[in-house]
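The values are calculated or read from the model by the stated rules, or taken from the named source; none is laboratory data. Quick caveat: nothing in here was measured; it's all calculated off a predicted structure. Glycine gets a Cβ as well: all are built from the backbone with ideal geometry, and neighbour counts include every protein chain shown. Ligands, DNA and RNA are stripped out before the accessible areas are found, and what is left, the full protein with its side chains, is counted by its heavy atoms. Shrake-Rupley method; radii C 1.70, N 1.55, O 1.52, S 1.80 Å.
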Amino acid sequence: MGQVRWDDDGPWIPEVGDGDTPDKYPDGMHSGIGGLAHVLAEIRLTRDWTSAEQSLVVGIADRLRAAIPTTTCSTFFDGLVSSIGVFTALDQPGAGSALARALELATDNGWHESFLDGDQYRPGAVANDATLGTGALLMGALWAARHGEDGAALAHRAADLLLGEQEELPTGVNWQFVSRRFRTDDEPTEMPNFTHGLAGIAAVLAVAGVELGRPELVDVARRGAEHLVTLGINDDKGFRVPRVIPWTERHGDEYTFNWCHGGAGTLATFSALEYADVPEIAGETPQTWRRRCLDGVRYSGIPERLHPGFWDNDGRCCGTAGVGDAFLDAWHRDGDEQDLEFAVRMGDTLVEHAYPDGYWRFVEYRNEDPLLPPGVGWMQGAAGIAAYLLRLQRVLGGDQRAVERMENWFSLG
């Protein structure tokens with residue numbers, strides 16, 4: 001709250017603590033003011049909002065509503081889908097207007113984003129994934145529909161586009177982050193875990209199949225999971241999928257264990273297939289694969305920083321807070337005390353890493369000064385970490401309620 005600033009457009013936060021400039025996407029959930037909606041939703045389960053927090057709620061919603069008519073970004077992190085999540089978290093109107101704007105922006109191929117304007121992409125390129133691409137629009141439409149908005153047109157449009165971009169393989173089906181027809185390179189790099197690849201796309205398609213009454217979407221999601229399990233290692237230390245395929249040394253660790261590119265996020269694929277009542281993937285139940293994803297994280301060595309560059313992040317997207325939240329979701333679903341114990345271990349680590357004034361500094365060991373500036377926002381800053389600690393405190397006090405968000409509700413059982 002001490003980082004919130006106000007201008008003529010409403011409230012905003014600096015990208016880093018005590019800074020004087022906002023994130024590139026100042027309204028977004030990732031590192032902008034929109035992300036504070038999600039920690040405010042967590043606070044509301046702990047206590048009533050203060051008058052200052054209530055004013056912030058109204059200010060955030062007003063700012064984002066005013067921006068919708070000119071918004072050109074549609075993503076889960078920073079665009080219209082992000083705004084849908086903000087409005088629903090705060091119980092403020094606006095999600096319907098965001099849905100309508102998303103339909104206005106749709107091209108024949110989907111939703112073009114500015115990051116696709118580089119030389120490696122052809123004109124009109126779109127992404128497929130669950131955070132920056134068509135999968136995000138599908139996820140946002142389904143979430144808006146759960147909150148009483150008419151998301152059907154957008155959801156069906158996005159689902160049909162994803163069906164058209166699938167790659168048939170002997171092992172199942174796959175989706176590229178950006179389909180080959182839009183790329184100028186012959187062999188694109190894949191990021192198969194939740195945020196930018198197959199795992200996230202399969203998850204949202206499975207949920208869409210149930211919510212839209214389209215069993216063919218569940219079936220293609222199942223076939224995506226069939227391919228996904230061929231990409232990873234499945235042994236006595238659980239299941240894990242490489243962060244990048246093909247991996248080279250320049251990519252850093254081949255396996256990570258966070259929400260964005262590791263098992264803490266990839267398990268959502270199998271949660272979604274459980275939600276869709278899929279009986280098995282590659283001879284095992286979705287629950288078995290989900291538990292193996294959890295085992296892969298549990299036996300990875302985190303949250304210890306085992307070598308330079310390994311687990312240098314405390315945040316929700318790429319670090320300890322996101323892992324803890326995934327394990328609390330699993331405990332909420334299964335009641336397995338091992339999951340709660342691991343979630344507590346993540347919380348203890350976050351408390352140990354906290355600075356006295358209530359912020360966290362991640363590590364970039366290749367820099368001369370390895371400590372990065374403290375982040376403020378949801379995915380990579382104090383807001384997201386604080387929300388996890390608030391949730392953990394409530395759980396340990398006997399309050400098992402969880403804040404549902406568009407990327408986790410089907411994982412809660």
Give the residues of the stretch 396-413 that are more than 15 Å from the chain's Cα centre (by Cα), within 16 Å of Val323 (Cα to Cα) and not hydrophobic (A, V, I, L, M, F, W, C), sorted by residue number.
none
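Specify the residue that is nearest to Glu304 (Cα to Cα); the eligible residues are those in the stretch 359-382 that are assigned to a loop (DSSP other than H, G, I, E, B) and over 24 Å from the mean Cα position of the chain (by Cα). Before you say what the answer is, go through the steps one by one.
The initial filter retains those residues of the stretch 359-382 that are assigned to a loop (DSSP other than H, G, I, E, B), namely 359-362, 364-370, 372-374, 376-381.
Subset that is over 24 Å from the mean Cα position of the chain (by Cα): 365-370.
Details: Tyr365: 15, Arg366: 18, Asn367: 20, Glu368: 22, Asp369: 21, Pro370: 17 Å.
That would be Tyr365.
Among the residues of the stretch 143-150, are any closer than 24 Å to Val229 by Cβ and either open to solvent by less than 30 Å² (accessible area, probe 1.4 Å) or of a type outside the set (S, T, N, Q) (or both)?
Checked against the condition, which is being closer than 24 Å to Val229 by Cβ and either open to solvent by less than 30 Å² (accessible area, probe 1.4 Å) or of a type outside the set (S, T, N, Q) (or both), the stretch 143-150 yields no hits at all.
For the subset of the stretch 402-413 comprising residues that are modelled with pLDDT of 95 or more and not hydrophobic (A, V, I, L, M, F, W, C), which member is most open to solvent (accessible area, probe 1.4 Å)?
Looking only at the stretch 402-413, we keep the residues that are modelled with pLDDT of 95 or more, and these are 402-412.
Those still in the list that are not hydrophobic (A, V, I, L, M, F, W, C) too: 404-405, 407-408, 411.
Working: Glu404: 87, Arg405: 28, Glu407: 28, Asn408: 6, Ser411: 10 Å².
Here the answer is Glu404.
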Give Gly224, Gly283 a once-over and let me know the one that is more than 17 Å from the chain's Cα centre (by Cα), of a type in the set (Gly, Ala, Ser) and farther than 16 Å from Ala202 by Cα.
Gly283
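Okay, residues lined up against (1) surrounded by fewer than 24 Cβ atoms within 10 Å (Cβ to Cβ); (2) touching a strand residue (DSSP E or B) at 6+ places or on another chain (Cβ under 9 Å); (3) among the polar types (S, T, N, Q):
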| position | (1), (2), (3) |
| --- | --- |
| Thr248 | yes, no, yes |
| Trp289 | no, yes, no |
| Gly296 | no, yes, no |
| Gly301 | yes, no, no |
| Gly309 | yes, yes, no |
If you go through the stretch 385-401 one residue at a time, do you hit one that is buried (at least 18 other Cβ atoms within 10 Å of the Cβ), part of a loop (DSSP other than H, G, I, E, B) and not hydrophobic (A, V, I, L, M, F, W, C)?
no
Scan Gly94, Gly85 and give me the residue that is over 20 Å from the mean Cα position of the chain (by Cα), closer than 20 Å to Ala158 by Cβ, among the small types (Gly, Ala, Ser) and modelled with pLDDT of 95 or more.
Gly94
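So which of Ala52, Ala66 ends up being surrounded by fewer than 22 Cβ atoms within 10 Å (Cβ to Cβ), touching a residue at least 40 places away in the same chain (Cβ under 8 Å), in contact with a strand residue (DSSP E or B) (Cβ under 8 Å, 6 or more places away or on another chain) and of a type in the set (Gly, Ala, Ser)?
Working: Ala52 fails: in contact with a strand residue (DSSP E or B) (Cβ under 8 Å, 6 or more places away or on another chain).
Result: Ala66 is the single residue among Ala52, Ala66 that is surrounded by fewer than 22 Cβ atoms within 10 Å (Cβ to Cβ), touching a residue at least 40 places away in the same chain (Cβ under 8 Å), in contact with a strand residue (DSSP E or B) (Cβ under 8 Å, 6 or more places away or on another chain) and of a type in the set (Gly, Ala, Ser).
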I need the full set of residues from the stretch 67-112 which are assigned to a helix (DSSP H, G or I) and among the hydroxyl-bearing types (Ser, Thr, Tyr), in order please.
Thr70, Ser82, Ser83, Thr88, Ser97
Within the stretch 205-246, considering residues that are of a type in the set (D, E, K, R) and part of a strand (DSSP E or B), the one least open to solvent (accessible area, probe 1.4 Å):
Arg240
